[in-house]
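This report concerns only the one structure given below.
Each value in this text was obtained by applying a stated rule to the coordinates, not by laboratory testing. Predicted model, so just to flag it, every value in this text is computed and none were measured. Positions of Cβ are backbone-derived with ideal geometry, glycine not excepted, and every protein chain shown enters the neighbour counts.
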Amino acid sequence: MHPINNTNRFKSFIFRSSLGKIFFGFILLYLLVSVIYIFIYMLFVDIKDIQELIEYSLYTSFGFNADIDIKNNHIFSAITFSHQIVALLLSTIFTAAIVLKFFYLPTFFVFKKRCNYIEENDELIISLYNSTDIFVTNCNIRVYGREESIDINGTKSLVNINENQPIFDKTYPFMEQYLVTRLRIKMNKGDELWELFKNERNKKLDLIILLEAKASNIDSSIYEVYKYNIDFKNLKESVDFYYPKSIDLDYDDFSKSKGWEKFDS
């Protein structure tokens, strides 16, 4: 069911935040855990040296080994064990945040399962939207066509149509979450794409979509690839022969727009 959301609050916070902000946020969490456990220790264990307790709680919260002069106190041991577990969880989440920030990006763009072929207008329409709550800008979209071919040795091969040039190339300044974009590929009579759709019944065509974009506070560029496989032997199974269904926009919240249930139909 559309619209799909490929981010959650934690991921969004990490993607949007600088490395310094992430470090600062987790240091505050470590300090907060230290303060909480200082009060827990004071509540259940008789500890005379408060300064030693503060140092012990800080070291334990940050995952370092620490000693304090408490003997044969089972309550203290149980509290310390829980303290170490919490510290381990915080360290794991912190490591995951760093990995997420530098080595992982969500899948930004969701495509309609099949493109639309408007036969009377000689037009292909590809539908997609940004599925993240990250504001995408300067999105360049290129579409290439690649067909089956036979090389000079008589063996099967693949060749890019349109002399290796994109059959669609356009830059969109903004790609907001849940706002559907339609890529309209106009065919000109006599060109390779037009000939394939009008006269070819034995070949297959790959439509390869390359997307390059920017997003605020993300340290790497967005680069995604999507592919449609079109079989001219079963063209009606490869494309939809009608205009894509319209979505009635809710300008305050695009996710509440009406018509999403027809996005893939």
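Worth a mention:
- Shape of segment 187-265, Cα gyration tensor, a/c cut at 1.5: oblate
- Distance distribution P(r), segment 69-140, all Cα-Cα pairs, bin width 10 angstrom from 0: 14, 21, 19, 15, 12, 10, 6, 3, 1 percent.
- Per-residue ellipticity at 222 nm from helix content only, as computed over the chain with -39500 (n - 2.57) for each DSSP H run of at least four residues, stands at -11000 deg cm²/dmol.
- Relative to the longest principal axis of the Cα atoms of the chain, the long axis of helix 74-103 lies at roughly 30 degrees.
- Likely footprinting exposure, Met1, Met42, fewest C-beta neighbours within 10 Å first: Met1, Met42
- Of the residues Thr7, Thr132, Thr107, the one with the fewest other Cβ atoms within 10 Å heads the list, and the complete ranking is Thr107, Thr7, Thr132.
- Between Asn140 and Leu88, residue separation times 0.36 nm minus the direct Cα-Cα distance comes to 14.5 nm.
- Within segment 96-110, backbone nitrogen closer than 14 Å to the virtual label 7 Å beyond the Cα of Lys21 toward Cβ: 101
- Between 0 and 90 degrees, the angle of helix 19-44 with respect to the longest Cα principal axis of the chain falls at about 30 degrees.
- Comparing Thr181, Ala213, Ser82 along the charge dipole axis of the chain, the residue lying farthest to the positive side is Thr181, per the Cβ-charge model.
- Taking Cα centre as origin and charging only the Cβ of basic (Lys, Arg, +1) and acidic (Asp, Glu, -1) residues, the dipole magnitude of the chain rounds to 420 debye.
- Segment 32-125: chymotrypsin sites (Phe, Trp or Tyr not before Pro) in DSSP coil with no more than 11 other Cβ atoms inside 10 Å: Phe64, Tyr104
- Annotation for segment 124-202: chymotrypsin sites (Phe, Trp or Tyr not before Pro) lying in DSSP loop with at most 16 further Cβ atoms inside 10 Å of their Cβ are Phe135.
- For segment 109-262: span of alpha carbons on each principal axis (Å, largest first): 55, 35, 22
- Note on Lys170: aspartates and glutamates with a C-alpha under 14 Å away, same-chain residues under 8 apart excluded, are Glu212.
- Packing-based exposure ordering (other Cβ within 10 Å, fewest first) of Ile38, Ile14, Ile98: Ile98, Ile38, Ile14
- The residue list Asn6, Tyr59, Ile36 was ranked by how far each Cα lies along the charge dipole of segment 1-71 toward its positive end, using unit charges on Cβ atoms, and Asn6 comes out on top.
- Evaluated at q = 0.07, 0.13, 0.16, 0.17 Å⁻¹, the base-10 log of the normalised Debye intensity for the chain, with identical point scatterers placed on the Cα atoms, takes the values -0.45, -0.90, -1.16, -1.24.
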